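What follows is a short report on a single structure.
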Amino acid sequence: MVVELISVGTELLLGNIVNTNAAYLSEKCAELGMSLYYEITVGDNPERLLDTVTTACNRSDVIILTGGLGPTQDDLTKETVAKALNLPLVEDSHTRERIENYFKRSNYKVITDNNWKQAMAIEGCKVVDNDNGTAPGLIVETKEGKRIILLPGPPNEMIPMFEKDIYGYLNQIRPNVIFSKMVKICGIGESMVETEIADLIEVQSNPTIAPYAKCGEVHLRVTASAPTVEEAKKLVKPVVKELKDRFKQNVYTTEEAEALEETVVKLLKKYDLTLSTAESCTGGLFTGRIVNVAGVSDILKEGFITYSNKAKKKNLDVSKNTLKKYGAVSEQCAKEMAKGAAINTDADVAVAITGLAGPDGGTEEKPVGLVYIACFVNEKVTVKEFNFKGNRQKIREGAVISALDLLRRCILENYK
């Protein structure tokens, strides 16, 4: 089933608003196993919008439009779709009543006439209630078998409506059941992952493997189509097993919603380990990622941001000689930071990060992007050197991902 997304709004073309709706809907279509071939953004121009809708109806099975359902003159999505289908607009009494109640609850004394425009619906369509605004969604099913779905543009209206009503509708009309399983990999790059699974991708049909590159990670979505969920799961299972066998400890989870920091916190809890952190160039980003996980207070003891050499000496007992001889950005300093964080807080495990995030301060010997990460586990300190590329933010984010991954691997190596 081929799906096409049409985002309506001149503000999107001008860059005044980031098109998060398209990203959200693209992910949901993939989750449903639908083939998204086209994603179009068009301004508030009736001629261009009409041409876009007509083209979409000729080449796609499901067309999802977002935006242009408001009360103002430039909100023309509903009117343009009706024109493309040669169908009239008729007032929906249920929606009119909801609009009246919405304004009463909002303590508006006067409802301007242009608001009643939102009570008009395309003849024969299904009206989808908007619990967070006044513009309802519409589902039009044509005699040619096309499905055209109109959704409001504001994400806080569109997303709840999609999850409450549209997702289930699309799930019912797709020809087969789709089941997906995510294999999340950390520690090796996208090109290496693709090389390792090239033979699988070349012969794939059902299930399929789709790679997604993330910051410091690669996610592989394995998707199968079958008449039932049970049959789809049976198709997916051996492929997931093969991927886990190939990538071994590089796979940190096969759970869709589980982030790397959640995997790390699970391991710390599993082996009853406490954690302390020491950060220089990342300035608390690593500890922040750990704190994202609910229940982390059970294992996190303390976090140090020791940006200056003075702070490293005072809080982590990094020796003056180490800083003078090797510098703050060094294997030796990272090692002493991790050990000091663990000993000074009586933690079982500690992670330390020190490096050059730039854009200034680099030398030929120690370029911008050079980062040392140390992990204290089971009375041993493991230190890894990294050379990250990109701007300051990208270097810091890369360091955090690598630190989480190093901590995960050290725990597995010492306690599994």
Would you say L275 is aliphatic (A, V, I, L, M), open to solvent by less than 20 Å² (accessible area, probe 1.4 Å) and in contact (Cβ under 8 Å) with a residue 60 or more places away in the chain?
yes
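How many of the residues making up the stretch 199-233 are of a type in the set (V, I, T) and part of a strand (DSSP E or B)? Working first, answer last.
Looking only at the stretch 199-233, we keep the residues that are of a type in the set (V, I, T), and these are 201, 203, 208-209, 218, 222-223, 228-229.
With the extra rule that they be part of a strand (DSSP E or B), the set shrinks to 208-209, 218, 222-223.
Adding up the residues that qualify gives 5.
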Every residue in the stretch 53-64 that is within 26 Å of E163 (Cα to Cα) and either in contact with a helix residue (DSSP H, G or I) (Cβ under 7 Å, 6 or more places away or on another chain) or open to solvent by less than 30 Å² (accessible area, probe 1.4 Å) (or both), please.
V53, A56, C57, S60, V62, I63, I64
Taking L273 and the conditions (1) more than 25 Å from the chain's Cα centre (by Cα); (2) closer than 18 Å to G398 by Cβ, which numbered condition does it fall short on, given that it satisfies the others?
(2)
Filtered residues of the stretch 297-325 (kept if of a type in the set (D, E, K, R), closer than 18 Å to V351 by Cβ and open to solvent by 100 Å² or more (accessible area, probe 1.4 Å))
D298
Long-range neighbours under 8 Å by Cβ, at least six apart or interchain, first residue basic (K, R) within the stretch 35-61, second buried (at least 17 other Cβ atoms within 10 Å of the Cβ) and at pLDDT 95 or above:
R48/V42; R59/E4
With the requirement that a residue be farther than 14 Å from V3 by Cβ and either of a type in the set (K, R) or in a helix (DSSP H, G or I) (or both), what does the stretch 22-41 give you?
A23
Looking only at the stretch 230-257, count how many residues are in contact with a helix residue (DSSP H, G or I) (Cβ under 8 Å, 6 or more places away or on another chain) and of a type outside the set (A, V, I, L, M, F, W, C).
6
Hey, D245 hits all of (1) touching a residue at least 40 places away in the same chain (Cβ under 8 Å); (2) of a type in the set (D, E, K, R); (3) farther than 25 Å from A341 by Cα but one; which does it fall short on?
(1)
Selection status of Y415, modelled with pLDDT under 95, open to solvent by less than 80 Å² (accessible area, probe 1.4 Å), under 21 Å from V264 (Cβ atoms) and not acidic (D, E)
yes
Scan the stretch 121-138 residue by residue and report those that are of a type in the set (A, V, I, L, M) and surrounded by fewer than 18 Cβ atoms within 10 Å (Cβ to Cβ).
V127
Working only within the stretch 179-216, note down all residues that are open to solvent by 20 Å² or more (accessible area, probe 1.4 Å) and in contact (Cβ under 8 Å) with a residue 40 or more places away in the chain.
F179, S180, K181, G187, I188, E196, L200, A210, C215, G216
Looking only at the stretch 52-77, how many residues end up being in a helix (DSSP H, G or I) and either small (G, A, S) or modelled with pLDDT under 95 (or both)?
1
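Residues of the stretch 326-355 being in contact (Cβ under 8 Å) with a residue 12 or more places away in the chain and open to solvent by 30 Å² or more (accessible area, probe 1.4 Å), which ones?
Within the stretch 326-355, E331, K335, E336, K339, I343, N344, D346, D348 qualify.
Residues checked against (1) open to solvent by less than 20 Å² (accessible area, probe 1.4 Å); (2) touching a residue at least 24 places away in the same chain (Cβ under 8 Å); (3) over 19 Å from S26 (Cβ atoms):
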| site | (1), (2), (3) |
| --- | --- |
| E157 | no, yes, no |
| E163 | no, no, no |
| I166 | yes, yes, no |
| I173 | no, yes, no |
| N176 | no, yes, yes |
Residue count, the stretch 234-269, condition open to solvent by less than 70 Å² (accessible area, probe 1.4 Å), farther than 23 Å from T195 by Cα and outside any helix (DSSP H, G or I), comes to 2
Looking at (1) small (G, A, S); (2) open to solvent by less than 10 Å² (accessible area, probe 1.4 Å); (3) farther than 25 Å from L300 by Cα, can you tell me which one A374 breaks?
(3)
Any hit, the stretch 122-133, residues being modelled with pLDDT under 95, more than 20 Å from L235 (Cα to Cα) and within 22 Å of the chain's Cα centre (by Cα)
no
Within the stretch 78-92, work out how many residues are open to solvent by 80 Å² or more (accessible area, probe 1.4 Å) and in contact (Cβ under 8 Å) with a residue 24 or more places away in the chain.
2
Check every one of the helices (runs of 4 or more DSSP H) wholly within the stretch 275-381 and list those with 1 or more residues that are touching a Gly at 6+ places or on another chain (Cβ under 6 Å) and of a type in the set (S, T, Y).
285-291
Which is of a type outside the set (A, V, I, L, M), at positive phi and surrounded by fewer than 20 Cβ atoms within 10 Å (Cβ to Cβ), of E379, E385, E397?
E379
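The values are calculated or read from the model by the stated rules, or taken from the named source; none is laboratory data. These figures come from a predicted structure and were not determined experimentally. Because the Cβ atoms are built from the backbone with ideal geometry, glycine has one as well, and the counts that use them run over all protein chains shown. Note: accessible area is taken over every heavy atom of the protein model, side chains too, but ligands, DNA and RNA are not part of it. Shrake-Rupley method; radii C 1.70, N 1.55, O 1.52, S 1.80 Å.
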